[in-house]
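Comments concern the structure below.
The values are calculated or read from the model by the stated rules, or taken from the named source; none is laboratory data. Keep in mind the model is a prediction, meaning the values are calculated, not measured. Ideal geometry is used to build each Cβ from the backbone, glycine not excepted, and the neighbour counts take in all protein chains shown. Surface areas here come from the heavy atoms of the whole protein model, side chains and all, with no ligands, DNA or RNA. Shrake-Rupley method; radii C 1.70, N 1.55, O 1.52, S 1.80 Å.
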Amino acid sequence: MPPSLALQRALVRSPGLRSQPAKAPSICLFCSFTPRISPSSPSPILRPSRKPLVSLPEIHRRSHTASPSLNSKTRQDLYRALLDLQTHGPNYVNLPRLQLALRNLSEPPGHESVRVAFLSVSTGTASSNNNKSSTTAKRLLRLALADPLTPAAEWEVQLEAHDVRRHPLIVRVAGKAQEEERDGTVTVASIKEHVIPELRVSTPLLRGAGVEMLVAEVAAALPSPGGKAVVDDALLVPMVDVAATTAGHVAAVGTPVHMAVLVGDGMLGAAAILGMPVVQGWDVIMGAVNFTRVGKEDLADCPLVAVNVDAGREALELFRADVGNAMKFKALWSEANVGRISEWLQKSVLSGGEGFTKTPVRNLIDSLLRNARAAVQEEQARDLATESQTEVSPVAIADLDKALAEWAQNAHEELQQQLDLAFSTRPWSKLGWWKLFWRADDVGMMTSEMVALRFLPEAEKAMIYLAGRMQEAGIAEGQQGQPLYAGPALPQSSTGTERQDTVAPNIVAKWPTHIPFTRNYLQEKTVPALQALAQKLVVQAASLSGLSTALAGLSYLSSLGAYECGAIAALGIALSFRRFQGKWDAAREYWEEEVREEGRKAIRATEASVAEVLNQAGKTPDPRGDRTAHLEELNMVEEIIKRAEEAFAQM
């Protein structure tokens, strides 16, 4: 309440200061701007008017009541349009705000219930700062609604004692006399299947306005993946943690409001509020920051409202204690600057009049329609971009099919030539069976190098180039992070055991990964197995040769001749080397065939994967499905928005 009005009411109520004011004659608005005529002055010439004058309020009332059916019809048309928008275009509008607008349109004009949120901005630094911000929000609301001429009401005590951080609170301003009996009692309001505490208050500032105020906490770092409009939706539809009615768990429920007051504390709170990319004007979303030692002139160019909650509390307590502290109350109340918040509430909540839609409701509907149209236009632009990217001509698909066939032929030729060259080179010949005694540890290094250099290097580069041509032709990539090409299959085990092929985990890539996957499989699975076999055969041959030599020595000591003992040793060494040579040559031949076969499998799998993508691109050029139905849906939603805008312009 402004301090001047409070002082006037206090002086009138104080005993000994009452006086009988002189009754001034009632003067209309036009007559108040003409000079008064004293009895001594000459009487002017009076001309009779043809019809009596009508004051401006009367003209305003007659202009509105002249066509009440038109206003009712336009509200019904707007209500039906918004209801159709909720049914046919729920993806292009904020449903909680839309339901709030439908609720307001179902109420009588000028008597719509307005919701205001007092949101304490948590900076996320220390819990003490967040607690102070929450305390500032509820104290600022108390100062904005309190009546200095009456003692402290019960609802003020309940509001001060409530923990806003743990439990959000709904403050409902009583609009009828019978509701004032329940002021100061905390009840439970139901939001769907959840409940939230509710406090009924009575204040002369907003009496009969039908106002609901939400006191809650909001994070400073709001997610904005969709732009600034998402930040406005997060502030005008704050998510509050409320308790369920039966299960006892806590869930986040969206509570739409018409206006919001962002309350911060100190410089951190001001920085957090100014850092929010808010699209709505300050008539819808206002920022208030509590400063204890900052003057108003220091924030002259700042859009925030600087308040001093401590000074306001002190002023309220002094004036309620003694009316003689009126001058101190006026000074402290002016320093607190709470009147800016009260005036902002009165201007918005008490706007309009009998039969006129309130300004917050109009702002809500206007914001809904603007955001819905922007969402539809964005979706149309996305459809056009997707259509231009997904259209693939049959000529391009035919060229790509021809290029794929050429790639497969060249890949098979490269596989045969490169592997023949690799298995006939000197490094592979160095791994003969009789050289393994000093080269057994080099088997892994030589074979890995051979696979890395000779296993389809040019075919892999050509496939990457072909995948680039496919992307250039307009073949879209996989949706939602899914791979465009089928994943490679794990080959059978090198041990020869029969098992079904399993598909490897899909790798999100812009080209088929069968060739590098097979190369890695050969290097990580078959090469270590070949090296282990070589080391095992060397140890077995050496062991058998040593045993036969030891047996020959024992035979010589047991009185056998030198020829017999030499024959025993030679026979054991020959058998061990023969076994060594046979197993190692068989292992080399098996590994050569395995490398060739895995190369052919990789080429066939790559060719099949690309062919499947080309076939799908030729059959269904639109990956989003039926584009015609989607365009019809967009056109229908656009027509509904246009119909709602026309009805809103006439309301």
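Let me confirm something: among Ala152, Ala144, which residue is at pLDDT 85 or above, assigned to a helix (DSSP H, G or I), closer than 26 Å to Asn290 by Cα and not β-branched (Val, Ile, Thr)?
Ala144
More than 30 Å from Arg469 (Cβ to Cβ), in contact with a helix residue (DSSP H, G or I) (Cβ under 7 Å, 6 or more places away or on another chain) and among the aromatic types (Phe, Trp, Tyr): is that true of Trp344 in this structure?
no
Anything in the stretch 452-464 that is over 20 Å from Tyr485 (Cα atoms) and surrounded by 19 or more Cβ atoms within 10 Å (Cβ to Cβ)? List them, or say none.
Correct list: Arg454, Phe455.
Residues checked against (1) aromatic (Phe, Trp, Tyr); (2) touching a residue at least 24 places away in the same chain (Cβ under 8 Å); (3) under 30 Å from Glu112 (Cβ atoms); (4) open to solvent by 60 Å² or more (accessible area, probe 1.4 Å):
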| residue | (1), (2), (3), (4) |
| --- | --- |
| Val323 | no, yes, no, yes |
| Glu335 | no, yes, no, yes |
| Ser342 | no, yes, yes, no |
| Val361 | no, yes, yes, no |
| Ile365 | no, yes, yes, no |
| Glu379 | no, yes, no, no |
| Pro394 | no, yes, no, yes |
| Trp407 | yes, yes, no, no |
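I'm trying to understand the selection: among the residues of the stretch 557-596, which are under 29 Å from Leu522 (Cβ atoms) and charged (D, E, K, R)?
Arg579, Lys583, Asp585, Arg588, Glu589, Glu592, Glu593, Glu594, Arg596
May I ask you to verify whether Ala644 is part of a helix (DSSP H, G or I) and either more than 30 Å from Ser424 (Cβ to Cβ) or open to solvent by 60 Å² or more (accessible area, probe 1.4 Å) (or both)?
Judged against the criteria, Ala644 is a match.
Please go through (1) loosely packed, with under 12 Cβ neighbours inside 10 Å; (2) under 38 Å from the mean Cα position of the chain (by Cα) for Ala374 and return the number of the only condition it doesn't satisfy.
That leaves (1) as the condition not met.
Suppose we filter the stretch 543-560 for residues that are touching a helix residue (DSSP H, G or I) at 6+ places or on another chain (Cβ under 9 Å), modelled with pLDDT under 80 and not aliphatic (A, V, I, L, M); how many remain?
2
Do we find a residue being closer than 30 Å to Phe580 by Cβ, surrounded by 15 or more Cβ atoms within 10 Å (Cβ to Cβ), in contact (Cβ under 8 Å) with a residue 60 or more places away in the chain and in contact with an Asp or Glu (Cβ under 8 Å, 6 or more places away or on another chain) anywhere in the stretch 411-421?
Yes: the stretch 411-421 contains one or more residues that are closer than 30 Å to Phe580 by Cβ, surrounded by 15 or more Cβ atoms within 10 Å (Cβ to Cβ), in contact (Cβ under 8 Å) with a residue 60 or more places away in the chain and in contact with an Asp or Glu (Cβ under 8 Å, 6 or more places away or on another chain).
Could you give me the residue pairs with C-beta distances under 9 Å whose first residue belongs to the stretch 548-564 and is open to solvent by 100 Å² or more (accessible area, probe 1.4 Å), whose second residue is among the charged types (D, E, K, R) wherever it lies, and which are 6+ apart or on separate chains?
Listed by first residue and then by second, the contacts come to Tyr556/Glu564.
In the stretch 222-235, which residue that is closer than 22 Å to Ala271 by Cβ and at pLDDT 60 or above is most open to solvent (accessible area, probe 1.4 Å)?
Val230
Report the residue count in the stretch 155-187 for those that are of a type in the set (Val, Ile, Thr), surrounded by fewer than 16 Cβ atoms within 10 Å (Cβ to Cβ) and either under 31 Å from the mean Cα position of the chain (by Cα) or modelled with pLDDT of 85 or more (or both).
Number satisfying all stated conditions: 1.
Matching residues to (1) in contact with a strand residue (DSSP E or B) (Cβ under 6 Å, 6 or more places away or on another chain); (2) surrounded by 14 or more Cβ atoms within 10 Å (Cβ to Cβ); (3) farther than 26 Å from Leu537 by Cα; (4) not aliphatic (A, V, I, L, M):
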position	(1), (2), (3), (4)
Trp584	no, yes, no, yes
Glu589	no, no, no, yes
Glu593	no, no, no, yes
Gly599	no, yes, yes, yes
Ala602	no, yes, yes, no
Leu614	no, yes, yes, no
Ala617	no, yes, yes, no
Ala629	no, no, yes, no
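Limited to the stretch 345-357, what total is found for residues that are closer than 13 Å to Leu145 by Cβ and among the hydrophobic types (A, V, I, L, M, F, W, C)?
Of the residues in that region, 2 qualify.
Name the pairs: first residue in the stretch 239-266 and closer than 18 Å to Val121 by Cβ, second residue part of a loop (DSSP other than H, G, I, E, B) and modelled with pLDDT under 75, Cβ to Cβ under 8 Å, at least 6 apart or on different chains?
What qualifies is Gly264/Thr123.
How many of the residues making up the stretch 422-438 are buried (at least 16 other Cβ atoms within 10 Å of the Cβ) and in contact (Cβ under 8 Å) with a residue 40 or more places away in the chain?
Total meeting the criteria: 4.
Kindly list the number of the only condition in (1) under 30 Å from Pro516 (Cα atoms); (2) surrounded by fewer than 15 Cβ atoms within 10 Å (Cβ to Cβ) that fails for Arg579.
Condition not satisfied by Arg579: (1).
Within the stretch 302-315, work out how many residues are farther than 12 Å from Ile341 by Cα, surrounded by fewer than 23 Cβ atoms within 10 Å (Cβ to Cβ) and among the aliphatic types (A, V, I, L, M).
Counting residues in the stretch 302-315 that are farther than 12 Å from Ile341 by Cα, surrounded by fewer than 23 Cβ atoms within 10 Å (Cβ to Cβ) and among the aliphatic types (A, V, I, L, M) gives 1.
Here is a check on your reading of the model: is Thr606 in contact with a Pro (Cβ under 9 Å, 6 or more places away or on another chain) and among the polar types (S, T, N, Q)?
For Thr606, the condition - in contact with a Pro (Cβ under 9 Å, 6 or more places away or on another chain) and among the polar types (S, T, N, Q) - is met.
Can you tell which of Arg207, Arg200 is in contact with a strand residue (DSSP E or B) (Cβ under 9 Å, 6 or more places away or on another chain), modelled with pLDDT of 60 or more and open to solvent by 60 Å² or more (accessible area, probe 1.4 Å)?
Arg207
Answer yes if at least one residue in the stretch 97-105 is open to solvent by less than 20 Å² (accessible area, probe 1.4 Å) and closer than 26 Å to Ala288 by Cα, and no otherwise.
Yes.
Among residues belonging to the stretch 79-90 that are surrounded by fewer than 20 Cβ atoms within 10 Å (Cβ to Cβ) and touching a residue at least 24 places away in the same chain (Cβ under 8 Å), point out the one that is nearest to Asn635 (Cα to Cα).
His88
Of everything in the stretch 418-432, what is of a type in the set (Gly, Ala, Ser), part of a helix (DSSP H, G or I) and under 19 Å from Glu597 (Cα atoms)? Give them in sequence order.
Once the filter is applied, which keeps residues that are of a type in the set (Gly, Ala, Ser), part of a helix (DSSP H, G or I) and under 19 Å from Glu597 (Cα atoms), the stretch 418-432 yields only Ala422.
With the condition kept exactly as written, say whether any residue in the stretch 534-541 is among the β-branched types (Val, Ile, Thr), without any contact (Cβ under 8 Å) to a residue 24 or more places away in the chain and not in a loop (DSSP other than H, G, I, E, B).
Yes, there is a match, as at least one residue in the stretch 534-541 is among the β-branched types (Val, Ile, Thr), without any contact (Cβ under 8 Å) to a residue 24 or more places away in the chain and not in a loop (DSSP other than H, G, I, E, B).
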